[in-house]
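Visitor: Quick one: the structure is below, and I'll ask about it shortly.
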Amino acid sequence: MPEDTVLIIEPDFSGHRWRYAEWAAHAYVEAGYRCVIVTSPANAGHPLVEAIRGGARPQLEIALVAPPARTSRRGLSSISYVRFHQDFRHAFRVVSRDRSVALVVVPYVDYFFLALPFLGSPFGSTPWVGITMRSNFHHCEVGVKAPRRPLVNALKARLFVRAIRTAGLRTLLTIDPTLTEWWSAIARGHAGRAPRDAAIDYLADPFPDACAAEPALAKARLGLGEGRHVLVYGAITARKGVFELACALAARPGDAHAPTLVIAGAQDEDVRGPLREAVAKLVPAPVVMDRFISGETELDLFSACDAVWLGYKGHYGMSGVLVQAYRFGKPVIATADGLIGWFCRTGELGPVIDDLSAAAINGALDRVLAGPREPLPEGRHLLERNTLGQFKQTLRQTLKQVIA
């Protein structure tokens, strides 16, 4: 079987999706399998594509497959779930024509997962594994603070249970540990798994191993001054809560202990102008890096800053920034909503706020920047599992479901 091929299909290389495809490929190559990452021709110039084509790993290939041709009358293709199902089926058929495929891996199965009860597997009888990142219909049932949508959530729950029984699906991996809890309760209520149910396992959202730099040296490289610094990191949109944070800092005029705001990451066009105005009068003056952040700069940012802002709005999923903050031992200021709030609910990782008022934010800032905090005992928190090594190990374990 190691002579067979593992196909990893991911048409979109934006955000973290290309990293999931890359890390999954490395996991299976290291296990002795040939891997082909299948993506759209639109990604031909992406660094991952160029690295694979110029690399020295003969067992790792890249395949660029355009979506199937469609007529002007799109019919069911106008439904995104159906359209993506068609795209994945087409990509699989094209690439598998001259290969013996042992396994298909879908790093972001939410593209078409809820269409499975109606359309079946896009990969025929070939075993496959999917990773879900947006399944949140169960949150209100497991103590995660999220909007209550009883009818929508009930419908999605029924579709989810039916999708799990899709032929060929061996394992559904989730970056949300509460989904596995919910599924265990469902299975107990139905006297165990049905024979066709796929396994549902937790896949800890990874952050590669990295050693923090010496804070003073990191500050010097970044051009940061003295005093405390609060980091807002990643793709900068209004949902980051950055306007509320700026408003709270503006309410601290003349405060000698006010931290410096550091905003690092490419900004949305809708945010850039208003954000420039919102931070223009802050004292100390903010540090704004409106660009793609390299790995070296990222390491320095998390090493140099004293706290990390996670006061997001309308975001109920997982956050890679939370994992990064934990890995670097930096306290966070977190919203109580969604998985961020669920992971931070004990307060060990930093203050949790129920609203984004200036008073609540400044109170949290005062607490988190008051002085040194007790480090978490090693191995105690669930986030300890969010390593690249654990990620690869979990993916390789899915092969047992295929062999079985």
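Visitor: What number, rounded to the nearest 500 deg cm²/dmol, is the helix-based mean residue ellipticity at 222 nm of the chain, given -39500 (n - 2.57) per DSSP H run of at least four residues and division by all its residues?
Guide: After summing the helix terms and dividing by the residues of the chain, the value is -11000 deg cm²/dmol.
Visitor: Turning to a different aspect of this structure: Along the Cα→Cβ direction, 7 angstrom out, place labels at Arg291 and His257. What is the inter-label distance in nm?
Guide: Calculated label separation equals 3.5 nm.
Visitor: Taking Cα atoms, how many degrees apart are the long axis of helix 80-95 and the longest axis of the chain, rounded to 10 and kept between 0 and 90?
Guide: That helix lies at roughly 60 degrees to the long axis.
Visitor: Measure nothing but the geometry: give the 0 to 90° angle between the long axis through the Cα atoms of 177-189 and the longest principal axis through the Cα atoms of the chain, rounded to 10°.
Guide: In the chain, helix 177-189 runs at an angle near 50 degrees to the longest axis.
Visitor: Could you give the C-alpha radius of gyration of region 229-307 expressed as a fraction of 2.2 N^0.38 Å, taking N as the number of residues it contains?
Guide: Rg over 2.2 N^0.38 Å, computed on Cα atoms: 1.05.
Visitor: Calculate the FRET efficiency for Lys400 and Ala44 from the Cβ-Cβ distance with a Förster distance of 35 Å, rounded to the nearest 0.05.
Guide: Rounded to the nearest 0.05, the efficiency is 0.50.
Visitor: Counting alpha carbon pairs within less than 8 Å and at least 6 residues apart, what relative contact order, in whole percent, applies to the chain?
Guide: Averaging sequence separation for qualifying contacts and normalising by length gives 14 percent for the chain.
Visitor: Also, I was wondering about something else. Express in whole angstrom the spacing between the alpha-carbon centres of region 289-304 and region 62-136.
Guide: 35 Å
Visitor: Starting from the 7 Å offset along Cα-to-Cβ, what nm value, one decimal, do you get for the label separation of Ala216 and Arg276?
Guide: 3.7 nm
Visitor: Taking the 0 to 90 degree range and rounding to the nearest ten, how far is the long axis of helix 295-304 tilted relative to the main principal axis of the chain, both from C-alpha atoms?
Guide: 40 degrees
Visitor: Related question: Output the relative contact order of region 29-148, whole-number percent, from Cα pairs under 8 angstrom with separation of 6+ residues.
Guide: With pairs under 8 Å counted, the relative contact order is 20 percent.
Visitor: Would you calculate the convex hull of the Cα atoms in region 1-125 and tell me its volume per residue in Å³?
Guide: Here the figure is 112 Å³ per residue.
Visitor: Is the C-alpha gyration tensor of region 215-384 telling us rounded, prolate or oblate? Criteria: a/c under 1.5 is rounded; beyond that, a/b larger than b/c is prolate, otherwise oblate.
Guide: Rounded, because the longest to shortest axis ratio a/c is under 1.5.
Visitor: Let me ask something additional. Out of region 125-185, which trypsin sites (Lys or Arg not before Pro) are coil in DSSP terms and have no more than 10 other C-beta atoms within 10 Å?
Guide: Here the sparse-neighbourhood loop sites are Arg148.
Visitor: Run through every distinct alpha carbon pair of region 103-260 and return the Kirkwood hydrodynamic radius in angstroms, one decimal place.
Guide: After inverting the pairwise mean of 1/r, the radius is 19.4 Å.
Visitor: Here's a follow-up. How big is the equivalent ellipsoid of region 289-404 along its three axes, where each semi-axis is √(5λ) from the Cα gyration tensor, reported in whole Å from largest to smallest?
Guide: Semi-axis lengths for region 289-404 are 28, 17, 15 Å.
Visitor: Mind running the shape call on region 311-354? Use the C-alpha gyration tensor, a ≥ b ≥ c as the square roots of the eigenvalues: rounded below 1.5 for a/c, prolate if a/b tops b/c, oblate otherwise.
Guide: Oblate is the answer for region 311-354, as a/c is 1.5 or above yet b/c matches or exceeds a/b.
Visitor: Now for a different question. In this model, which of Lys156/Lys400; Lys145/Lys240; Lys240/Lys281; Lys156/Lys330; Lys240/Lys330 are farther than 25 Å apart at the alpha-carbon?
Guide: Checking Cα-Cα distances, Lys156/Lys400; Lys156/Lys330 exceed 25 Å.
Visitor: Continuing with the same structure: Treat each spin label as a single point 7 Å out from the Cα along the C-beta direction, and report the Arg345 to Ala250 distance in nm.
Guide: 3.5 nm
Visitor: Tell me the relative contact order for region 215-384 as a rounded percent, counting alpha carbon contacts under 8 Å between residues six or more apart.
Guide: Computed over region 215-384, the figure is 24 percent.
Visitor: To continue, here is another question. How long is the gain from Ala69 to Arg239 if the chain were fully straight, where each residue apart is worth 0.36 nm and the alpha carbon distance is subtracted?
Guide: Gain on stretching Ala69 to Arg239: 57.6 nm.
Each reported figure results from applying straightforward, stated rules to the coordinates on display, with no laboratory input. For clarity, every value in this text was computed on a predicted model and none was experimentally measured. Here Cβ is always computed from backbone atoms with ideal geometry, including for glycine, and neighbour counts include all displayed protein chains.
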